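S.K.: The structure under discussion is supplied below as structure tokens; questions concerning it will follow.
The values are calculated or read from the model by the stated rules, or taken from the named source; none is laboratory data. Predicted, not measured: the structure shown is a model, and the values here were computed from it. All Cβ positions, glycine included, derive from the backbone under ideal geometry; neighbour counts span all protein chains shown. For the accessible areas, the whole protein counts, side chains as well, though only heavy atoms, and no ligand, DNA or RNA atoms are used. Shrake-Rupley method; radii C 1.70, N 1.55, O 1.52, S 1.80 Å.
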Amino acid sequence: MSLLPRTAEEFSSADYWERFFKKRGERAFEWYGDYNKLCGILHKYIKLQDKVLVVGCGNSELSEQLYDVGYKHLTNIDISETVVAHMNQRNAERRPDLTFHQVDATQTPYEDASFQAALDKGTLDAVASEEEGALARRMITEVSRVLRVGGRYVCVTLAQESVIKLAVDHFVQLGCAVRLHCLQEERGKEEEDTFALPVFVLICTKFRQPMPTPILEMCIGDDGAPVRHTRVCELLSAVREYQGYSVLRKRLRTSTDPSSNLCLTLCDAKAGLPRYTLTVQDCPPGAKVPRPNQFAIFIVPRGSETAWLYSSTEGRRQLAASANFRRLVVVSMHRNQEYTDMQAVQSELSPVVMDLAPPGMPTNQQVPFLSVGGGLGWREEVSRGVSQLSGEYCVENVRGEDGELYRRLVFLSNVSLVQSESRLVSSNTASSHKKKNKKKTKAASTAVTLSAGVSVDSGFLCCAHHEVMVAGLSMLGVGTPQNKDDPVSVLLVGLGGGGLPQFLRDFVPNATVEVVELDPVVLEVAKEWFGFRPDDRLTVTLGDGLERICSLEKEGGHLFDVIMFDVDNKDSSLGMSCPPAGFVETPVLQKVFNLLTPRGLFILNLVCRDPVLRKNVLERVRSVFPTILSRKIAEEINEVLLCSREEKDAAHILPSMSQAAKNFQSMLSADRTKPKQRPHIDIAEMLENLKIE
């Protein structure tokens, strides 16, 4: 017979416990910890002279140990006749005053207010599953009855949510003060057969007059400072957090798993806001790791959290392999938090990180903290606001690992995604470039001046997929001698910070661009913080992109040489984050086809993690467009689809793109006037590794 219940309901069965104790015999089963683990809490809340009712004592040694240290007024009750007989026999000679009685805890024979304390180790957990909690309610009602004013119910529990909610709700309604202590395993003491869940001790103190406002407190360890909560749901949430952390800690301290991405968020103790996110990356089995290289902490520079190396599973694996440690913890710092320097961060994290150390590592071993350049990086928030469509957002300046300054738009509903990014240059630098351009033919990129002495470098596209989308215009023959003066009309769905449409307007001769943007707040942010400047060649239509496409097709007569979709999907539950699913339905793709000129090109930024969904999208696009080229973006999920309205010869299309790229590059690099400028883009490089779909 198994010593553990097969189902939760067996905890409450008198027959189960009868069979259990007969099978267990002389071996004491310390279900939730022994006296050594619990003594700090018990001595704090139960006095030696107190009359104590021990509820569901079982064959635990706890009562015997309490008796031996001076608790002489213990009344032990249990529902099992076998265990009561056994415990009385075991203590008859050595502890004649320590008695055990077969009593049902839901209906005891004791007078009201008979005890100063009631001690329960696991009994509440055992009975809570019976009768949908009715048995547990009867038990704690009986406990409340026999407790004196000022008496305490001391319950050792695993704090399953339904159990702890039942007990806390009951005692709060009686006007009792409620405090929970979370007892963590001592560092370095975890073993395979120990409980993964932490043990909690629930302390409910009975008052003469009910408390007008509930007292709900949580403490860590025996002597941790209490943290006050105003609602029961907040207390339960804190319990879940500690349980989750304990399970994570047990898993990390007893095993390694290079395929997992265990993640932990540490919050500021006062404000409760996220402060650090820790992701654990183990090296693969068989990796040759030097013996001293057991464990290290890598601090991600502020502003670099979304970089592939730190934000993706593949990137973190590469980082861990490069660092060559058995376990690497990658630490990201959060917005709206102050960090003084690396030393301060190290001091703050040092007490925590040993919980995450690999199995077998000595607790006194020093843990190195690694970083890029030894610093924390730099981030400055310049604006924050709320969009009714997209939620809260912030605009921030960050220092890249290349030393350059960048400006980003981030929606806080998905902080791991940079919505838009532009490179900044000093306004003085931009002015000096313009002065130099009067004397030299060598040109610099244009810079749109903003406030605070910085400008957006509009000739620099931060996103590789934007560079590929621009390079895709080579398929139109843009820049060839026969097409150099031809106008290029572009419809772009999705504005972001406006970097892509401004690049097209500024660097593609005779280009006109219409941008469709759903969110008016995004347009205002682009104008105020990213130097977006519409004009007669660059216009913005506020509204739904799908509706605009439908209305343009219905109106007829207005055709585009290029239609681009660069719009994100707000529904994170799907495996495709760009574009929204509706944009790649066959009827919509057919409308796009109809809106293109005979040489027209549809360019799609596709971000799809689900291979089946990606296959379905490609099948739909193929059903409409006869020629499709794809270009995956290195170290990103993005890929760009270049879809031509014309059917092109598969044998010649890729070779012809090479000459087309040279023509386009030559046109982009030609000197402009007012002022002279040069874009930072390598067309040939962006068209490398094209694949015919």
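S.K.: If I ask for residues that are open to solvent by 40 Å² or more (accessible area, probe 1.4 Å), in contact with a helix residue (DSSP H, G or I) (Cβ under 8 Å, 6 or more places away or on another chain) and part of a helix (DSSP H, G or I), which ones from region 156-187 would you list?
M.R.: Hits for region 156-187 are Glu161, Ser162, Lys165, Asp169.
S.K.: Just give me the residues in region 204-214 being touching a Cys at 6+ places or on another chain (Cβ under 8 Å) and either crowded, with 16+ Cβ neighbours inside 10 Å or assigned to a strand (DSSP E or B) (or both), in sequence order.
M.R.: Cys204, Thr205, Lys206
S.K.: Given Arg208, Arg179, which one is basic (Lys, Arg) and at pLDDT 90 or above?
M.R.: When all the criteria are applied, what remains is Arg179.
S.K.: Then there's this: With the requirement that a residue be over 26 Å from the mean Cα position of the chain (by Cα) and surrounded by 18 or more Cβ atoms within 10 Å (Cβ to Cβ), what does region 611-639 give you?
M.R.: Val617, Val621, Val624, Phe625, Thr627, Ile628, Leu629, Ser630, Arg631
S.K.: Right, another one. I need every pair where a residue in region 533-558 that is more than 29 Å from Ser455 (Cα to Cα) has its Cβ under 6 Å from the Cβ of a residue that is of a type in the set (D, E, K, R) and modelled with pLDDT of 95 or more, sequence separation at least 6 or different chains.
M.R.: Ile549/Lys591; Glu553/Lys591
S.K.: Looking at (1) assigned to a strand (DSSP E or B); (2) of a type outside the set (S, T, N, Q); (3) touching an Asp or Glu at 6+ places or on another chain (Cβ under 7 Å), can you tell me which one Leu389 breaks?
M.R.: Condition (1) is where Leu389 drops out.
S.K.: Also, quick follow-up: Any idea which of (1) touching a Lys or Arg at 6+ places or on another chain (Cβ under 6 Å); (2) modelled with pLDDT of 95 or more is the one Glu553 doesn't satisfy?
M.R.: (2)
S.K.: If you scan region 366-380, which residues turn out to be modelled with pLDDT of 80 or more and within 21 Å of Asn324 (Cα to Cα)?
M.R.: Matches in region 366-380: Gln366, Val367, Pro368, Phe369, Leu370, Ser371, Val372, Gly375.
S.K.: Next question. Scan region 211-231 and report the pairs whose first residue is small (Gly, Ala, Ser) and whose second residue is open to solvent by 50 Å² or more (accessible area, probe 1.4 Å) and assigned to a loop (DSSP other than H, G, I, E, B), with Cβ atoms within less than 8 Å and a gap of 6+ or a chain change.
M.R.: Qualifying pairs under 8 Å: Gly221/Gln184.
S.K.: State all residues of region 93-124 that are acidic (Asp, Glu) and in contact (Cβ under 8 Å) with a residue 12 or more places away in the chain; if no residue qualifies, say none.
M.R.: Asp97, Asp104, Glu111, Asp112, Asp120, listed by residue number.
S.K.: So if I check each of Leu74, Leu124, which one is modelled with pLDDT of 95 or more and either of a type in the set (S, T, N, Q) or closer than 17 Å to Cys57 by Cβ (or both)?
M.R.: Result: Leu74 is the single residue among Leu74, Leu124 that is modelled with pLDDT of 95 or more and either of a type in the set (S, T, N, Q) or closer than 17 Å to Cys57 by Cβ (or both).
S.K.: Here's a follow-up. Pairs please, first residue from region 468-486 and within 13 Å of Leu629 (Cβ to Cβ), second anywhere and part of a loop (DSSP other than H, G, I, E, B) and not β-branched (Val, Ile, Thr), Cβ atoms under 6 Å, 6+ apart in sequence or on different chains.
M.R.: Sorted first by the residue in region 468-486, then by its partner, the pairs are Ala471/Leu687.
S.K.: Quick check on my filter: what residues within region 450-486 are more than 40 Å from the chain's Cα centre (by Cα) and among the hydrophobic types (A, V, I, L, M, F, W, C)?
M.R.: Of everything in region 450-486, those that are more than 40 Å from the chain's Cα centre (by Cα) and among the hydrophobic types (A, V, I, L, M, F, W, C) turn out to be Met475, Leu476, Val478.
S.K.: So, in region 411-425, of the ones that are within 14 Å of Gly385 (Cβ to Cβ) and open to solvent by less than 50 Å² (accessible area, probe 1.4 Å), which residue ends up modelled with the lowest pLDDT?
M.R.: Of region 411-425, the ones within 14 Å of Gly385 (Cβ to Cβ) are 411-413, 419.
Going one step further and asking which of them are open to solvent by less than 50 Å² (accessible area, probe 1.4 Å), we end up with 411-412.
On the way: Phe411: 91, Leu412: 87.
Selected residue: Leu412.
S.K.: Still on this model: State the number of residues belonging to region 455-474 that are closer than 16 Å to Asn605 by Cβ and in contact with a strand residue (DSSP E or B) (Cβ under 6 Å, 6 or more places away or on another chain).
M.R.: 5
S.K.: Tell me yes or no: at least one residue of region 67-80 is farther than 15 Å from Val143 by Cβ, among the small types (Gly, Ala, Ser) and touching a residue at least 60 places away in the same chain (Cβ under 8 Å).
M.R.: yes
S.K.: Continuing with the same structure: So Gly400 passes all but one of these: (1) touching a Phe, Trp or Tyr at 6+ places or on another chain (Cβ under 6 Å); (2) open to solvent by 40 Å² or more (accessible area, probe 1.4 Å). Which condition number does it fail?
M.R.: (2)
S.K.: Please report, ordered by residue number, the strands (runs of 3 or more DSSP E) entirely within region 254-351 with at least 1 residues that are under 30 Å from Pro226 (Cα atoms), of a type in the set (S, T, N, Q) and open to solvent by 20 Å² or more (accessible area, probe 1.4 Å).
M.R.: Per the criteria, 263-267, 274-282, 327-333.
S.K.: If you don't mind, there's one more thing I want to ask. List pairs: first residue in region 310-335 and more than 21 Å from Glu635 (Cβ to Cβ), second residue open to solvent by less than 40 Å² (accessible area, probe 1.4 Å) and of a type in the set (Asp, Glu) anywhere in the structure, Cβ distance under 6 angstrom, at least six positions apart or on different chains.
M.R.: Arg327/Asp282
S.K.: Also, quick follow-up: Among the helices (runs of 4 or more DSSP H) contained in region 44-155, which hold 2 or more residues that are hydrophobic (A, V, I, L, M, F, W, C) and open to solvent by 20 Å² or more (accessible area, probe 1.4 Å)?
M.R.: Correct list: 134-146.
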